[in-house]
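Structure first, then comments.
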Amino acid sequence: MAGKARSGGGKVRLPKKNKFGFYEIRMESIGGLGANVAGKILAEAVVFGMGLNASAFSSYGSEKKGTPVKAFVRIASPRTKIRINSPIEEPHVLAIFHESMVKTLPVTAGLPPDGTVILNTKKSPDEARDYMKIASGTVGTIDATDIAIETKSRVNMVMLGAIVRASGFINLDAVKESVREAFEAKYPAAMPGNLKALERGFNEVQFKTFKDDGKYEPVPFERTLPQLGYENAPIGGTIYTVGNTALKDMSASRTGFIPVFIKDKCVRCGECDIYCPDYCFVWEKGIDPKTGKEGMILLGIDYQYCKGCLRCTKACRFGALVPGKESDYNIDEIIVKHKFAR
Ligand code: SF4
Ligand code: SF4
C-alpha cells in the first residue's frame, strides 16, 4: 500500500530496518480478538497519515474464530517498494494478544536479540520474561483484556496503542484517524471506547529491557510444516491416535470471561452438559447432600477445554452458572479436572 499522507506526512525515519529496508510487526492472536483489523488500521495509518509505504495481511486456518491468527505489517520508507508478501519471521515488534498462546504455540519464535515483545497479561515485565523465556530484548506488558472490558472496546485497540508506543515512530494521531475511518460510520457508538482503549494501551504498557544473561536460549523461527500429506496420510483420513482431543487446551480461545459454577445452586438437571460443545463439565457418582439420593453430582468445570462461549450460563435456569471476568479468578484454584486428564 502506498499513498499520499492525509496531513502532509513529513519526513519520518524508521528506527530499525531489516536487510530489505522494512520495519516489521507480527501479531499473534486468536480469531475474534481483531488482529487482522488492527494490522490493516496500522498500515493505513502509516501510509495515509505518515506518508510511508506499508503492507498488511493475515494468516489463519479455516475456522477463523477461536483459532490462531497471525497478522503481519511491513513498513518502509516512501522510496522502498514492498514486494515481499511472505510471513514475517523476525519481527521488530511482536504482539501476543492472549497469554495462554505462549503455553501451546511457538509464538515468540524468531524474536531478534534486540526485538520487542508485548504480551497481553497482568504480569510484570520481569514475570512475563520468565513466562515466555525470552533470551534478550524488550518485554512490554499490558492488561489489554481488562482495559478492553472497562472501555467497552476490544483487545485489538489496546494492543494497537501498545504497539504504537513500542515502535517509537508511529504517530498515535494518525492511528486514531484510521480507527475513525474504520469504525465511525458503521459503529459510531463504539468510537469513544475504541479511542479510549487505544490511548490506554499507549499510556499503560510497561517496558523493561533485558540483556542476554544466558538465562534463556533464543528461539529461532521455524516454519510449521504439516505432518501429513498426500504421500503419508492414512487412507480415508483415519485417526490412529485415539482420544487425542484430551490433550487440547482451549484456554487461549477465551476472550476474558469464564462460566463460574456455584455448587450450592446446582440441581443436577444436566442442561449445561447438553449445551456445552466441549465436554467441560465434570460429573461423579455420589450422594446429593440436599436429597440424600444417589446420582451423578456435578463437581465443576474443566477449564482446559472451556472456550468461554458462555452458552452454559444461558442454559442454566437455576443461577448455578454465571459469567465472570477471568482475571478475577485463579483458574488453577477453581478448575476441576476430568479423570482422564488428571
Ligand atoms: S444447568 Fe445449572 S443446575 Fe443444571 S446441572 Fe448445570 S449447573 Fe447444575
Ligand atoms: S463457556 Fe460453558 S458451554 Fe462454553 S465451553 Fe465453557 S463450559 Fe462449555
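Net length available on complete extension from Glu294 to Thr238 is 16.1 nm, with 0.36 nm assigned per residue and the Cα-Cα distance removed.
Under the simplified labelling scheme, the Asn85-Val322 pair shows an inter-label distance of 5.1 nm, with each label point 7 Å from Cα along Cα→Cβ.
Report the charge-dipole magnitude of the stretch 23-210 in Debye, nearest 20, computed about the Cα centre from +1 at each Lys and Arg Cβ and -1 at each Asp and Glu Cβ. Numbers along the way, then the final one.
Details: 23 positive and 20 negative charges, 77 e Å.
The calculation lands at about 360 debye.
Overall, the ratio between the Cα radius of gyration of the chain and 2.2 N^0.38 Å, rounded to two decimals, is 1.12. Think of the chain as a dipole: +1 on every Lys or Arg Cβ, -1 on every Asp or Glu Cβ, centred on the Cα centre; then among Val69, Ser100, Pro289, Val69 lies furthest on the positive end. Extension gain, Gln206 to Lys152: 0.36 nm times the residue separation minus the Cα-Cα distance gives 17.3 nm.
Could you tell me what percent of the DSSP beta bridges with both partners in the chain are antiparallel, to the nearest 5? Display every interim value, and only then the final one.
On the way: 33 of 46 bridges.
Expressed as a percentage, antiparallel bridges in the chain total about 70.
Between Ser136, Ile149, Leu195, the Cα set farthest toward the positive side of the dipole of the chain (charges on each charged residue's Cβ, about the Cα centre) is that of Leu195. The GNM of the chain, with springs linking C-alpha atoms under 10 angstrom apart, assigns the highest mean-square fluctuation among Ile274, Ile170, Ile149 to Ile274. Length gained on full extension, Lys337 to Asp173, computed as 0.36 nm times the residue gap minus the Cα-Cα distance: 54.3 nm. Each of Lys133 and Ala185 was given a label point 7 Å from its Cα along the Cα-to-Cβ line. The distance between the two points is 4.8 nm.
If you line up the long axis of helix 35-44 against the longest principal axis of the chain, both from Cα atoms, how many degrees apart are they, to the nearest 10? It works out to around 10 degrees.
DSSP assigns beta bridges within the stretch 4-150; of those with both partners inside it, close to 55 percent run antiparallel. Loop-located GluC sites (Glu not before Pro) in the stretch 193-269 (DSSP state not H, G, I, E or B) with no more than 13 neighbouring Cβ atoms inside 10 Å: Glu222, Glu231. Considering only chymotrypsin sites (Phe, Trp or Tyr not before Pro) in DSSP loops that have at most 11 other Cβ atoms within 10 Å, the longest stretch of the chain without any of them is 1-229. About its Cα centre, the chain has a charge dipole of approximately 900 debye under the convention of +1 per Lys or Arg Cβ and -1 per Asp or Glu Cβ, with nothing else charged. Computed per residue of the chain from DSSP H runs no shorter than four, each worth -39500 (n - 2.57), the mean residue ellipticity at 222 nm is -6500 deg cm²/dmol. Phi-derived couplings, Karplus 6.51 cos²θ - 1.76 cosθ + 1.60 at θ = phi - 60°, listed residue by residue for the stretch 115-123: x, 10, 10, 10, 10, 7, 6, 8, 5 Hz, with x used for Gly and Pro. Histogrammed with a bin width of 10 Å, the alpha carbon distances of the stretch 248-341 distribute as 16, 52, 27, 4 percent, first bin at zero.
Since every read-out is calculated from the coordinates, none of them should be taken as a lab result. Since the structure is predicted, the reported quantities are computational estimates derived from the model, not experimental observations. Cβ atoms come from the backbone with ideal geometry, glycine included; neighbour counts cover every protein chain shown.
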